[in-house]
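**Q** This is the structure I have questions about; it appears just below.
The values are calculated or read from the model by the stated rules, or taken from the named source; none is laboratory data. In this text, all values refer to a predicted model and were calculated from it rather than measured experimentally. Note that each Cβ is placed from the backbone with ideal geometry, even for glycine, and that neighbours are counted across all protein chains shown.
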Amino acid sequence: MVPGRELSNCVAVRLADPWVDVYVDWDGQKVTLQSGSGTVTLTIGSPEALVDGKRVNLDVPAALVPPGRLFVPLRFVAESLGFGVEWKEGTVELRLMRINPSSRGKLEA
């Protein structure tokens, strides 16, 4: 984990959020997010994730924050599932865009 970045790049996960084409399975310790043919599995507090079955190191692990909110690293999960992420400096605006599935995980941060 990068010091000082504990939750700065994370977002709370809702188990049912129909606007974002992502299915979530949560067992209390591990979360699996799936969209299209991509799958990301994170374990609370683990510095590693599984992306389509392959181990990948994380800058920031998934976290469970009282009273039971699950936070995951947004850019990592989004790009691993084939979404582009655009953040507008100076605003509180974030855009997720579906990108070409063949470029999944290859966007620059």
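**Q** Are any residues in the stretch 40-58 within 18 Å of Trp26 (Cβ to Cβ) and not in a strand (DSSP E or B), and if so, which ones?
**A** If the condition is that a residue be within 18 Å of Trp26 (Cβ to Cβ) and not in a strand (DSSP E or B), then Ile44, Gly45, Ser46, Leu58 are the ones that fit.
**Q** Suppose the filter is modelled with pLDDT of 90 or more and not in a strand (DSSP E or B); does Pro61 pass it? Steps first, please.
**A** Values: modelled with pLDDT of 90 or more: yes; not in a strand (DSSP E or B): yes.
Answer is yes for this residue.
**Q** Taking Gly36 as the residue in question, decide whether it is modelled with pLDDT of 90 or more and surrounded by fewer than 14 Cβ atoms within 10 Å (Cβ to Cβ).
**A** Details: modelled with pLDDT of 90 or more: no; surrounded by fewer than 14 Cβ atoms within 10 Å (Cβ to Cβ): yes.
For Gly36, the condition - modelled with pLDDT of 90 or more and surrounded by fewer than 14 Cβ atoms within 10 Å (Cβ to Cβ) - is not met.
**Q** Also: Considering the stretch 70-91 alone, what residues qualify as being at pLDDT below 85 and assigned to a strand (DSSP E or B)?
**A** Within the stretch 70-91, Phe83, Gly84, Val85, Glu86, Trp87, Lys88 qualify.
**Q** Separate question: Return yes when Leu94 is under 26 Å from Gly45 (Cα atoms), in a strand (DSSP E or B) and modelled with pLDDT of 80 or more and no when it is not. Explain how you work it out, then say what you get.
**A** Values: under 26 Å from Gly45 (Cα atoms): yes; in a strand (DSSP E or B): yes; modelled with pLDDT of 80 or more: no.
Taking the combined requirement at face value, the residue does not satisfy it.
**Q** Going by what's in this entry, would Lys30 be described as modelled with pLDDT of 90 or more and either in contact with a helix residue (DSSP H, G or I) (Cβ under 6 Å, 6 or more places away or on another chain) or basic (Lys, Arg) (or both)?
**A** yes
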